[in-house]
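The values are calculated or read from the model by the stated rules, or taken from the named source; none is laboratory data. What you are looking at is a predicted structure, and each value in this text was computed from that prediction instead of being measured. Virtual Cβ from ideal backbone geometry, glycine too; neighbours counted across all protein chains shown. Accessible surface areas use protein heavy atoms only, side chains included; no ligands, DNA or RNA. Shrake-Rupley method; radii C 1.70, N 1.55, O 1.52, S 1.80 Å.
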Amino acid sequence: MTAPVLSAHRLFKHFGAVTALDGADFEVCEGEVMAVVGDNGAGKSTLIKALTGALVPDSGQILLDGERVRFHSPIDARRHGIETVYQTLAVAPALDISANMFLGREQRRPGVLGSFFRLLDKPAMRTRAAATLRELGITTARSVRQQVETLSGGQRQAVAVARAAAWGSKVVVLDEPTAALGVREAGQVLELVRRIRDRGVAVILISHNMPQVFEVADRIHIHRLGQRVALVRPTDVSMTDVVAIMTGARAGNEGVADADLPHGDGA
Amino acid sequence: MGPAELLGHQVTDAPVGANLDTEVRPTGVHRIRGFLVDATRGGVLGPLVALLFASVVFSALTDTFLTPSNISLILTQSIVIGMLALGQTMIILTSGIDLANAAIMVLASVVIAKVVKVSDNAFVALLIGLAVALALSAISGLLVSQMNLPPFIVTLGMLTVVTAAARLYTGSSSIPVQNDLIAWLGTPVPIAGFRFTIGVFVWFAAYALAWYALTQTGWGTHVLAVGDDPEAARLAGIKTRRVLLSVYLVAGLCYAAAAWQALGRIPNADPSGYASGNLDSITAVVIGGTSLFGGRGGVIGTLIGTLIVTVLRNGLTQAGIDSLYQDIATGVLVVAAVLIDQITRRAR
Ligand SMILES: Nc1ncnc2c1ncn2[C@@H]1O[C@H](COP(=O)(O)OP(=O)(O)OP(=O)(O)O)[C@@H](O)[C@H]1O
Ligand SMILES: [Mg+2]
């Protein structure tokens, strides 16, 4: 049992009268896929936004590698090795795969060409982009010079995930990555998720798709009314159990195995 | 489970991207092929074919079209619109538009002319002209980037205000300039029967520089990304507001250069000159294949687009065709170019 790489304790977030986070806890360990499930409006997206710097919680702590952190923007979180694949994908369709993978983090030529003439090292970026895709087993794209808009939905998703995988050294967050995909493409993305996990990266997967969650998750964080009501292992529970907890038909962790909850301080 | 073990994990689990540093660099052949792919990505093939086609037709129709003197004329006639269209290209790449570019250029040129007249210091006059163009473009840029106002409206307002300001400033009469530095860009450069000017080379150099900045630097990638999908650019960590503002400033620089070029061609600053310069520059950009939706296109296309517009005017004149037909031809080309853009976008 390793210590969580990213954890949150008693997060609160109010939007006017709405309490989106009501003392939510969270944790994910390296090399683990943590699925986050919950009904619509349960506060999953708000939780993820708080963890990735897209919003600042009203109160509560976020710990990265056991150290207290405060992210003020997604870029802030990214600097700490936390990458997010947004549901909207956030790729620039007219740019090619390589440019998208390095967008905002372009690599320049060494020496005066890079420092003074600001010359991009496109060959190096392409080589690295191609290597990342290969390493993740994404072989459908013919070339990293292909414009993203010429790719299918699944391939675009793969590029977005690969970008996160290439830069997310600690945590990769995926917000409903398979929602718009067909069965085969969704399967490929889930395979990607496994590969990223196998490199020792912590993966947070938000999904409404129970079979997929059970297929790929190591643990399941069940969110309800702004709180984590249960943390379970898919091997210990059934989908019916999870749905019951999710919808409040059954109280959290009642009658189901508890996956090492609470985690404590990791010591 | 203690901090030491945690540290150990961090060491073994190096960032994924970092693992790839050891990849071999591509060979020369790959580089050349990559360069060709990049160079044609802006979709310059269509405009290039159109330019060659028009040139062949006019060469066949007239004896005067394909002569060194007429080619020199076409080039010098293209310079000012070419410089305006350069700034326009960058703004359109951000999915903006600049209706005020010619007006800003005209105001800068009358300011330069007037300062030369009263102070006889051409260098200071050029600097002040540059400052005027930069400041006005900066205002447009700030309103667009910081206040999120639509570029069409911002620059429409700017056009109206600046046009009026130029007339008020000069009492609506043009100002002749007689100064070597101001006229420098008009200096003839005779090469093998051609009569180029220094301005022609400066114009090409400006395009080369802009091509480099747009295609070979991170700034250029960011400009395209901001025009393509601003939200995606923002989420990728690009400071989109700053990029937008920088584009308007670079455009302002182009308009100042256009003012100097205009005075080099005709040493007379006319506050009501270049009344259709804004639309002509948009025409050149659009015919050159840059998408009005932003994110797609480039300056090489605009260079060709500018030449197409001039060649059409020049060739139809040489062929003795009424100038109103020139306008019809240009108008049809613009709509055709946008139509092609729309169709190819839909096909994606
Ligand atoms: N920016 C906001 N302003 C006001 N209310 C908000 C805002 N963001 C979220 N909320 C509210 O907070 C609650 C939790 O929303 P959240 O988006 O986190 O739910 P979710 O679990 O992601 O739901 P879904 O499954 O539908 O995506 C909802 O009641 C929502 O209306
Ligand atoms: Mg949500």
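Data overview
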read-out: Whole-angstrom Cα spans of region B:75-157 along principal axes, big to small; value: 41, 33, 17
read-out: Dipole of the protein assembly as shown [Lys/Arg +1, Asp/Glu -1 at C-beta], most positive-end residue of A:Ser115, B:Ala236, A:Gln157; value: A:Ser115
read-out: Complex-versus-alone comparison for region A:1-45, residues with a loss of 50 Å² or more in accessible area, probe 1.4 Å; value: A:Glu30
read-out: Restraint check, A:Lys44/A:Lys170; A:Lys49/A:Lys170; A:Lys13/A:Lys44; A:Lys49/B:Lys239, Cα-Cα greater than 22 Å; value: none
read-out: Residue-wise HN-Hα coupling along region B:106-119, computed from phi with Karplus coefficients 6.51, -1.76, 1.60 (Hz; x: Gly, Pro); value: 5, 4, 4, 5, 5, 5, 4, 4, 5, 5, 4, 5, 7, 10
read-out: Accessible area per residue, Å², chain A with all protein chains present, probe 1.4 Å; value: 39 Å²
read-out: Distribution of pairwise C-alpha distances over region A:50-201, 10 Å bins, in %; value: 11, 37, 34, 16, 3
read-out: Rg to Rh, two decimals, where region B:165-223 supplies the alpha carbon set and Rh follows Kirkwood; value: 1.20
read-out: Whole-number accessible area per residue in Å² for chain B, which is evaluated in the context of all protein chains at 1.4 Å; value: 46 Å²
read-out: Where B meets A: accessible area buried, both sides, 1.4 Å probe, Å²; value: 3800 Å²
read-out: List of region A:75-103 residues, accessible area with partners at least 40 Å² below that of the chain alone (1.4 Å probe); value: A:Arg78, A:Ala90, A:Ala94, A:Leu95, A:Leu103
read-out: Charge dipole (debye, nearest 20) of chain A; +1 at Cβ of Lys and Arg, -1 at Cβ of Asp and Glu; value: 1280 debye
read-out: Whole-number D in µm² s⁻¹ for region B:101-225, Kirkwood Cα-pair radius fed into Stokes-Einstein, 4 °C, 1.567 mPa s; value: 77 µm²/s
read-out: Whole-percent pair-distance distribution, where bins are 10 Å wide, for the alpha carbons of region B:88-136; value: 28, 41, 21, 9, 0
read-out: Among A:Gly111, A:Gly200, A:Gly66, residue whose mean-square fluctuation peaks in a GNM of chain A (springs only between Cα atoms under 10 Å); value: A:Gly111
read-out: In degrees, nearest ten, helix B:68-93 long axis to first principal axis of chain B (Cα); value: 40 degrees
read-out: Cα-centred dipole magnitude for the protein assembly as shown, charges only on beta-carbon of K, R (+1) and D, E (-1), debye, nearest 20; value: 1220 debye
read-out: Principal axes of region B:141-197: Cα extent on each, largest first, Å; value: 52, 31, 17
read-out: Nonlocal amide H pairs with A:Gln227, under 5 Å, H built at 1.01 Å; value: A:Asp22
read-out: Counted charge near B:Lys114, where neighbours are those whose Cβ lies closer than 15 Å (Asp, Glu -1; Lys, Arg +1); value: 0
read-out: Mean Cα-pair separation over length for chain B, i.e. relative contact order, pairs under 8 Å, 6 or more apart, %; value: 30 percent
read-out: Neighbouring partner chain Cβ atoms per residue of A:114-124, average, 10 Å criterion; value: 4
read-out: Amide proton proximity set for B:Ala269, modelled H, under 5 Å, gap of 5+; value: B:Ile175, B:Val177
read-out: List of region A:127-142 residues, accessible area with partners at least 10 Å² below that of the chain alone (1.4 Å probe); value: A:Thr127, A:Arg128, A:Ala131, A:Thr132, A:Arg134, A:Glu135
read-out: Share of carbon and sulfur in the accessible heavy-atom surface of chain B [1.4 Å probe, %]; value: 70 percent
read-out: On Cα atoms only, tilt of B:122-145 relative to the major axis of chain B in degrees; value: 50 degrees
read-out: Cα-based shape type of region B:205-348, given that a ≥ b ≥ c are square roots of the gyration tensor eigenvalues and the cut on a/c is 1.5; value: oblate
read-out: Å³ per residue enclosed by the Cα convex hull of region A:1-128; value: 170 Å³
read-out: Cut-off 12 Å between beta-carbons: net charge of the residues surrounding A:Ile75, Lys and Arg +1, Asp and Glu -1; value: +3
read-out: Alpha-carbon radius of gyration plus Dmax, which is the widest Cα pair, for the protein assembly as shown in Å; value: 29.5, 95
read-out: Shape call, region B:137-292: gyration tensor on alpha carbons, a/c limit 1.5; value: oblate
read-out: Chain A - percent relative contact order, Cα under 8 Å, separation 6 or more; value: 26 percent
read-out: Where only alpha carbons of chain B are counted, the Rg and the Dmax (Å); value: 23.0, 89
read-out: Using distinct alpha-carbon pairs, which all enter the 1/r mean, Kirkwood radius of chain A in Å; value: 19.2 Å
read-out: Where A:His208, A:His221 fall by accessible area, highest first, once all protein chains stay in place (1.4 Å); value: A:His208, A:His221
read-out: Area accessible to solvent at A:Trp167, 1.4 Å probe radius, in Å²; value: 60 Å²
read-out: Choice from A:Phe15, A:Phe116, A:Phe102 with maximal GNM fluctuation in chain A (Cα, 10 Å cutoff); value: A:Phe116
read-out: At 0.890 mPa s and 25 °C, Stokes D of region A:111-190 from Kirkwood alpha-carbon radius, µm² per second; value: 174 µm²/s
